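One structure is given here, and the rest of the page talks about it.
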Amino acid sequence: MFKLICNNCRKELPLDFRGFLCPCGGLLGIEMEKVFQPDRIIGQDLSLFRYGNFLPLTGEERVSLGEGMTPLIPYHADGKEEVLLKLESLSPTGSFKDRGAAVLITRAKELGIGQVVEDSSGNAGSAIAAYSARAGISARIFVPEGTSEGKLSLIKKFGAELTITPGGRDEAAKAALIEAKKTYYASHYYNPYFFQGTKTFAYELWEQLNPLPAAVIIPLGNGTLYLGAYIGFSELLSAGLIERMPELFSVQSAVCAPLYKKLKGEIPESNDSRRLAQGIMIENPVRLPEIVEALNRSGGEVVVVSNYEIEKAQRELFSKGIAAEPTAAVPLAGYFLLNKMGLLPRGRIVIPITGSGLKGGGYA
Ligand SMILES: [Zn+2]
């Protein structure tokens, strides 16, 4: 079993609680009582529900589209350099967000929820739309204007009600918050079940790589993958399966870098203000204090990269046969920078390719 706990007042909420905040206003977290045990992995299940025994689910039904177990390939074809790419881009809707959506929507189904709302720059919206379609749940998705056509079209084809809000990402979030007063909020950053899906990224690495990499480099907006990975590695640590967790590095865009600003002060100046890496254009990540704690505890660092560096990294990935959207090229750009700065530990480095470059060009 598991506990639904308020991160602020530490109160335990009933498991069938449908709100996304504690009555005190605090963000919610989940504490698992079942510790990760290798012999309790459901080996014949090749989706992330192979970890079903360590997920906060009470029923038997699974809303799955075959997500998880994404490939890990060497960055260089000769495999000599110890950099590995984890191709989250090969997920059912083309991003790691499918991990969170699979667990969140499975849980929503268990709770008997018939309608959800979400706001997104595109990938989380596509994932929630797809898993809702699979579950027979109706979904309303708010996206900011300027969202790539490929993502808009995908959300609509999955049958979700799509609302394009004027203004930036924050405006879409505000519109969703109003709707969330009456509809279950399937948020990829408020809803704690989402992070229980993204934590499986860490479990998988543990199964795929032994020993675990020295570092993982993750693009950071709302911290959906960053915090998920941190939760997963923390559980492996408390299960005694690893001695230390990989250093978790986060990379932000110089155009929008609230974590960097909080920890380092001034953001390096850039004359290119295009909101290219749209997936991480988050001015006010609601879980920023948790992200800071995870970064400090894992021994990681935060760096910022420019649009020029992101585009260069994206071209570099395409030149190696890998289709990544701009946001998904951010960690490779970060890797080049961290390497130059001498901040990376010795040993293997894992870089997730968080979103596919197949959903259409432009900002994404
Ligand atoms: Zn509370």
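The values are calculated or read from the model by the stated rules, or taken from the named source; none is laboratory data. Worth saying up front: this structure is predicted, and the values here are computed from it rather than measured. All Cβ positions, glycine included, derive from the backbone under ideal geometry; neighbour counts span all protein chains shown. To get the accessible areas, we keep the full protein, side chains included, count just its heavy atoms, and leave off ligands, DNA and RNA. Shrake-Rupley method; radii C 1.70, N 1.55, O 1.52, S 1.80 Å.
For the chain, a simple Cβ point-charge model (Lys and Arg +1, Asp and Glu -1, everything else neutral) yields a dipole of about 300 debye relative to the Cα centre. Each residue of region 250-256 is assigned a 3J(HN,Hα), and the resulting list reads 10, 10, 10, 8, 4, 6, 8 Hz, derived from the Karplus form 6.51 cos²θ - 1.76 cosθ + 1.60 (θ = phi - 60°), x at Gly and Pro. Using a cut-off of 26 Å between Cα atoms, the listed pairs LYS181/LYS359; LYS264/LYS320; LYS261/LYS312; LYS86/LYS262; LYS262/LYS359 include LYS181/LYS359; LYS264/LYS320; LYS86/LYS262; LYS262/LYS359 as exceeding that distance. What the Kirkwood sum gives for the chain is a hydrodynamic radius of 20.2 Å, with every pair of different alpha carbons counted.
DSSP bridge analysis restricted to the chain gives an antiparallel fraction near 35%, rounded to the nearest 5. When both region 113-144 and region 51-89 are represented by their alpha-carbon centers, they are found 22 Å apart. Would you mind telling me the share, in percent, of accessible area of the chain contributed by carbon and sulfur at probe 1.4 angstrom? Answer for the chain: carbon and sulfur cover 50 percent of the accessible area.
Other residues within the sphere of radius under 14 Å centred on the Cβ of LYS262, judged by their own Cβ, net out at -2 (K and R +1, D and E -1). In a reduced charge model with +1 at each Lys and Arg Cβ and -1 at each Asp and Glu Cβ, region 1-94 shows a dipole moment near 320 debye about its Cα centre.
Please give the per residue volume of the convex hull enclosing the alpha carbon atoms of region 278-332, rounded to a whole number of Å³. Intermediate results must be reported in sequence, preceding the final value.
On the way: hull volume 5.1 nm³, N = 55.
Normalising the Cα hull of region 278-332 by residue number yields 93 Å³.
Across PHE36, PHE195, PHE249, mean-square fluctuation computed from a Gaussian network of the chain (C-alpha pairs under 10 Å connected) peaks at PHE36. Ranking MET341, MET245 by solvent-accessible area of protein heavy atoms (1.4 Å probe, all protein chains present), from largest to smallest, gives MET341, MET245.
Once C-alpha pairs closer than 8 Å and six or more residues apart are averaged by separation and normalised to the residue number of region 44-123, the relative contact order reads 29 percent.
In Å², what does the accessible area per residue of the chain work out to with a 1.4 Å probe? It would help to have the intermediate numbers written out before the result.
Values: 14390 Å² over 364 residues.
That works out to 40 Å² per residue.
At a threshold of 8 angstrom on Cα-Cα distance, excluding pairs fewer than six apart, so keeping six or more, what relative contact order does region 168-261 reach in percent?
Numbers: 89 pairs, mean separation 25.5, N = 94.
For region 168-261, the relative contact order is 27 percent.
Relative contact order (percent) for the chain, with alpha-carbon contacts under 8 angstrom and 6 or more residues of separation? Write down the numbers at each step before the final one.
Working: 771 pairs, mean separation 61.7, N = 364.
Once normalised by length, the contact order is 17 percent.
Can you name the helices of the chain, as whole DSSP H runs, whose Cα span along the helix axis is 30 Å or more and whose Kyte-Doolittle mean is not below -1.0?
Working: long enough: none.
Span-like helices here: none at all.
Loop-located GluC sites (Glu not before Pro) in region 131-203 (DSSP state other than H, G, I, E, B) with a sparse environment of at most 15 neighbouring Cβ atoms within 10 Å: GLU145.
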